[in-house]
Amino acid sequence: MDELSAPGVSALRQAQDTIIEHSLDRISSAHDFYRTLPEGSRDQIAAVARLGVTMFVDSAENPSTPLTPSQIFSVAPAALTGVITLEQTLALVRTVLDVVVDEAPRAVPEEDHDTVRILVLTFGVTSASPRPRCTPGRLRPAAPGTHGWSP
């Protein structure tokens, strides 16, 4: 039960762009802070969301390929550091995962519903737990008057 059928993979791939679009719509409607960000920052966040959904679909299509969730966060440019907080970042990740959890099972044939649910939850747990890029003990709150964390 850990691999999608070929029709399930195909259906999920076809639904990928819709899931991305719905994720971005939900981010915009659910998070006031997102709507107040400059366009460039919103575009950067959208790129991270797109990559996350794409990586999920890729992992469902090729389950033997090692999953590297840190890739999702590597597209987030340093320019976002201090623009959104860690709490806001986690809220955005949860929002995208919620959309995938809601929509991926509906996109695949009925016999793949349970499998895709397991895959998305496994992917979500792995993706939401990135390894820190800095040495433990070296991460500290950003300077007063700024947001986020800095190495």
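Where a number appears in this text, it was derived from the coordinates with a stated rule and is not lab data. Bear in mind the structure is a predicted one, so any value in this text is a computation, not a measurement. We place every Cβ from the backbone using ideal geometry, glycine too, and count neighbours over all the protein chains shown.
Given 0.36 nm per residue, what is the gain on full extension from Ser64 to Glu3 after removing their alpha carbon distance, in nm?
21.0 nm
Length gain on complete extension for the stretch Gln71 to Val101, per 0.36 nm per residue less the alpha carbon to alpha carbon distance?
8.8 nm
Tally Lys and Arg at +1 and Asp and Glu at -1 over the other residues with C-beta under 13 Å from the C-beta of Gly52: what net charge comes out?
Its environment carries a net charge of 0.
Give, in nm to one decimal, the length gained when the segment between Asp17 and Ser41 is fully stretched (0.36 nm per residue of separation minus the Cα-Cα distance).
6.6 nm
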